[in-house]
Amino acid sequence: MSLLTLTDVSLRMPALARRPLLDAVDLTVDRGEVVGLVGESGSGKSLTARAILGLLPPGAEVGGTIEVDGLDVLSAGRDDLRRLRSSQVSMVFQDPRAAINPLRRIGDYLTESVRLARGGDGRAATARALELLEAVGLPDPVRHLRQFPHELSGGMLQRVMIAGALMGDPSLLLCDEPTTALDVTTQAEIVSILARLQAEQGLGMLFITHDLDLAGAICDRVYVMYAGRVVETARATELFADPRHPYTAGLLASTPGVDRNHDRLVPVCGSPLSLLENPPGCAFAPRCDFAVDGLCANEPPALVQEGDRAVRCLRSAEISPGRSARAHTVRSAR
Amino acid sequence: MSSISAEPLLQVTDLHKCYRSHGTEVAAVSGVSFRLDAGQSIGIVGESGSGKSTTARMLVGLETPDSGVISVQGRELTGRPRGRAERLRRARAIQIVFQDPYLSLDPRLPVGAAIEGVLRLHTDLAGPDRRRRVLQLLEQVGLGEQQAACVPRRLSGGQRQRVAIARALAVEPRVLVLDEAVSALDVSVQAQVLNLLTDIRQETGIGLVFISHDLAVVRYVCDETLVMYRGRVVEHDSTRRLLDDPTHPYTRLLLSAVPRPGWDPAAIARLRREVAGLGPAS
C-alpha cells in the first residue's frame, strides 16, 4: 500500500468558483519516492497539498478519499488530524518569512509542535533541534536557537523550516515551491539537503513546483495538473522526453533552455482557465492546437492508463503532441 | 544596425554606488560599464545582492550614482534632473518595467486611462487621437478595448505585465529596462511576453536592458550578457559564448546551478562554497 493515496478527490467552493478547484484527482506517493506535482498558477497544486494535511478552506465541498498511512484524512477527527500533522506529514512552504513567526526565536519555532504533541520533554526536543540544524548545514546551531528569523538570510531560514518540518519524524514531506524565492545556487544547496535527508530517512516526498526542469532533475514520477485535474502522469524521464498531453508538450515548448538556442519559442496561446469558467469538456481545449470541434469541448476526457503512465486527452492515441511540438520549435544547434 | 564607431544608443561608463548602513559602507555597484546599440539587447545576470537591480535603478534615475556616466544617444542623464522638462526628457530616453505589475499599476485606474495619462504628459495628442493611440499600444501587446476598461485586478498576471510594457512604450523610449519583468509569470505566458519583446525590438529598434536571474531566458532574449557578482562585472561577452564557454568561476557556478537531467545539487553546493570563499556566503 502506498504511503499516500488520493482517490477521485474533488473540491468545490461554490461561493468562489464555478469550476471545481480539484476534480477527480488520483495520486500516490510511496515510501522513499520523490513525486513532482507541476502546473501553472491556479492549477490546484497547493490546494492538493493542503488537502492532504486536512487544511481545507472554509466552505469547501470535498469528495473522494485521501489516505495517509491508512488514515482517512477527510473523515478524521481533530485528534487524528493533530497527530497526522505533528508526526506523519510535514510541509515546507515557499516563503519562510511568511511561514515562521518573526517574534519567536528559532528554538521556540522548532520545538513548539513537538513539545505540544508529545507532552513536555523540552530537553529532548532541543537536542533534536540542534541535530537537525546541523543536518541542514547551518554553521552554528547553538547560536541559531537563540536567534530571531530576521537575523538569518532567506536561504538559511529555509533550512530552518526544513529542520522544523523534520522535527516530528514524518514519513511524508510536502514541499510547496520550497526554492522558488531563492537564488539559483541557494536553490541547489536546499535541494541537495532535501534530497539527502529524503534518501537517508526514506521519506516519501511530494514536490510542488512550476519549474519543469527542476521537477525533471529531482523527481522519480511527475503529475501535471491543469485547472484542477491531473492531465498527465509518468516517470519523469519519459514525461519530458515524450509528453503525451498537449498541455505538457506546450509547457515544454514554452520553456527556453539554457544550453540550446531557440529561434522562436512556441507559447501556449491564451491564458489559463479562470475560476468563473466551467467548460463541460476538456478544460485545456480552448488553448489546444489539437482540439476538435464537437469532441473536446463537449465531453470531459477520462484519465486513461497505459502502462505506468496515464493521460487525460481524447486525442492522445491519434496524436503525438510531443513530437509535433518539437517540430514546431525551430531549434538551430549552432 | 549601427557600426561600432557610430554613437551608441546607451553608454554606461564606470558606475559606482555605495550604501551606508550601521556605519559600514557597502559597495552595491562598482565600476559597471557597457554600451548598447539600437535594436540590441543586453542581459545583466547575478544573484540577490549582485548589484543588478541597483544598476537598473540608476539607469532610470531612481538612484543617483556616486560616480560614473549614463548617456543615451550622447546626452548625459547622470545627476539629479532639474525641472519638469528635464524629467520628461529622461523619461523619454529610458523606461523601466518591474517584476510585479501589481505594485506598479494604480489599482483604482482602468489600465487604458493609466496609459492615456502617460500620453497626456508626454505628447500633444488631442483627446480622440490619444485614445486611438492607447488602443494601438494595447494592441501591440496583444490586448484590446475590453481590457482597456479593466482595472488591474480584473486582468491576469500576464495581461497586467503587458499593460506595464505598453505603458512604458507609450513614451516611445529609446531604451527599455526590464527588471525581472517576466520572472513572476507562468511559463506559457512568459513565452508570449518574451516573443512580444523580440517583436517590439525588431519593429522599433528599441534597446533592451534585460535584468534576470534566469539564464535560459537571457539566452533567448539577449545578444550580450554581463555577469555581476558583489557589485562588479565579472564576465561580459556575447550571450552564446558566455553560456557555452564561461570563463569566470562564478559564471560557471551559476550555469551549473540550473536544474537539468544529471544535475548534481551536492556538487553545486560544494562549488558554491569554494566561490564564496572569497567572502561571506548566505
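The values are calculated or read from the model by the stated rules, or taken from the named source; none is laboratory data. Treat the numbers as computed from the prediction; the structure is a model and nothing was measured. Using ideal geometry, Cβ is built from the backbone for each residue, glycine included, and neighbour counts are taken over all protein chains shown.
Taking into account only those residues within the stretch B:221-232 that are part of a loop (DSSP other than H, G, I, E, B) and more than 24 Å from residue A:190 (Cα to Cα), which is farthest from the other protein chains (Cβ to nearest Cβ)? So that I can check it myself, show each step before the final result.
Within the stretch B:221-232, the subset part of a loop (DSSP other than H, G, I, E, B) is B:222-223, B:230-231.
Narrowing the set further to residues that are more than 24 Å from residue A:190 (Cα to Cα) leaves B:222-223, B:231.
On the way: B:222: 11, B:223: 12, B:231: 16 Å.
Once the filter is applied, the top-ranked residue is B:231.
Okay, residues lined up against (1) buried (at least 22 other Cβ atoms within 10 Å of the Cβ); (2) in contact (Cβ under 8 Å) with a residue 60 or more places away in the chain:
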site: B:10; (1), (2): yes, yes
site: B:14; (1), (2): no, no
site: B:21; (1), (2): no, no
site: B:27; (1), (2): no, yes
site: B:32; (1), (2): yes, yes
site: B:36; (1), (2): no, yes
site: B:49; (1), (2): no, yes
site: B:58; (1), (2): yes, no
site: B:90; (1), (2): no, no
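From the residues in the stretch B:233-254 that are surrounded by fewer than 20 Cβ atoms within 10 Å (Cβ to Cβ) and at the interface with chain A (Cβ under 9 Å from one of its Cβ atoms), which one is nearest to residue A:265 (Cα to Cα)?
Restricting to residues being surrounded by fewer than 20 Cβ atoms within 10 Å (Cβ to Cβ) and at the interface with chain A (Cβ under 9 Å from one of its Cβ atoms), the top hit is B:240.
State whether the residues of the stretch A:61-76 include one that is farther than 21 Å from residue A:229 by Cα and in a helix (DSSP H, G or I).
So far as the stretch A:61-76 goes, yes, one or more of its residues are farther than 21 Å from residue A:229 by Cα and in a helix (DSSP H, G or I).
Conditions (1) more than 14 Å from chain B (Cβ to nearest Cβ); (2) touching a helix residue (DSSP H, G or I) at 6+ places or on another chain (Cβ under 7 Å); (3) under 22 Å from residue A:211 (Cβ atoms); (4) buried (at least 21 other Cβ atoms within 10 Å of the Cβ), marked per residue:
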residue	(1), (2), (3), (4)
A:9	yes, yes, no, yes
A:14	yes, no, no, no
A:24	yes, no, no, no
A:28	yes, no, no, no
A:32	yes, no, no, no
A:37	yes, yes, yes, yes
A:48	yes, no, yes, yes
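Within the stretch B:146-198, how many residues are within 10 Å of another protein chain (Cβ to nearest Cβ) and part of a helix (DSSP H, G or I)?
Total meeting the criteria: 14.
With respect to the numbered conditions (1) more than 8 Å from chain B (Cβ to nearest Cβ); (2) of a type outside the set (D, E, K, R); (3) part of a helix (DSSP H, G or I), which one is the sole condition not fulfilled by residue A:275?
(3)
Would you call residue B:230 charged (D, E, K, R) and buried (at least 18 other Cβ atoms within 10 Å of the Cβ)? Quick ask: steps written out before the conclusion?
Values: charged (D, E, K, R): yes; buried (at least 18 other Cβ atoms within 10 Å of the Cβ): yes.
Against the criterion (charged (D, E, K, R) and buried (at least 18 other Cβ atoms within 10 Å of the Cβ)), residue B:230 qualifies.
Would you mind finding the one in B:257, B:266, B:276 that is within 11 Å of chain A (Cβ to nearest Cβ) and surrounded by 19 or more Cβ atoms within 10 Å (Cβ to Cβ)? Talk me through it step by step, then tell me what you get.
Values: B:266 fails: surrounded by 19 or more Cβ atoms within 10 Å (Cβ to Cβ); B:276 fails: surrounded by 19 or more Cβ atoms within 10 Å (Cβ to Cβ).
Going through B:257, B:266, B:276 in turn, the sole match is B:257.
Residue A:137 versus (1) free of Cβ contacts under 8 Å to residues at least 24 places away in the same chain; (2) within 14 Å of chain B (Cβ to nearest Cβ); (3) of a type in the set (Gly, Ala, Ser): which is the lone unmet condition?
Exception for residue A:137: condition (1).
Are there any helices (runs of 4 or more DSSP H) wholly within the stretch A:80-158 with 1 or more residues that are farther than 17 Å from residue A:182 by Cα and modelled with pLDDT under 90, and if so which?
Working: elements: A:96-99, A:106-118, A:122-135, A:141-146.
By residue number, A:106-118, A:122-135.
Can you tell me which residues in the stretch A:1-42 are of a type in the set (S, T, N, Q) and touching a His at 6+ places or on another chain (Cβ under 9 Å)?
Within the stretch A:1-42, A:41 is the sole residue that qualifies.
Quick grid of which residues meet (1) on the phi > 0 side of the Ramachandran plot; (2) among the small types (Gly, Ala, Ser); (3) free of Cβ contacts under 8 Å to residues at least 40 places away in the same chain; (4) out of contact with any Cys (no Cβ under 8 Å at 6 or more places or on another chain):
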{"residue": "A:156", "(1), (2), (3), (4)": "no, no, yes, yes"}
{"residue": "A:163", "(1), (2), (3), (4)": "no, yes, no, yes"}
{"residue": "A:217", "(1), (2), (3), (4)": "no, yes, yes, yes"}
{"residue": "A:221", "(1), (2), (3), (4)": "no, no, no, yes"}
{"residue": "A:225", "(1), (2), (3), (4)": "no, no, no, yes"}
{"residue": "A:230", "(1), (2), (3), (4)": "no, no, no, yes"}
{"residue": "A:254", "(1), (2), (3), (4)": "no, yes, yes, yes"}
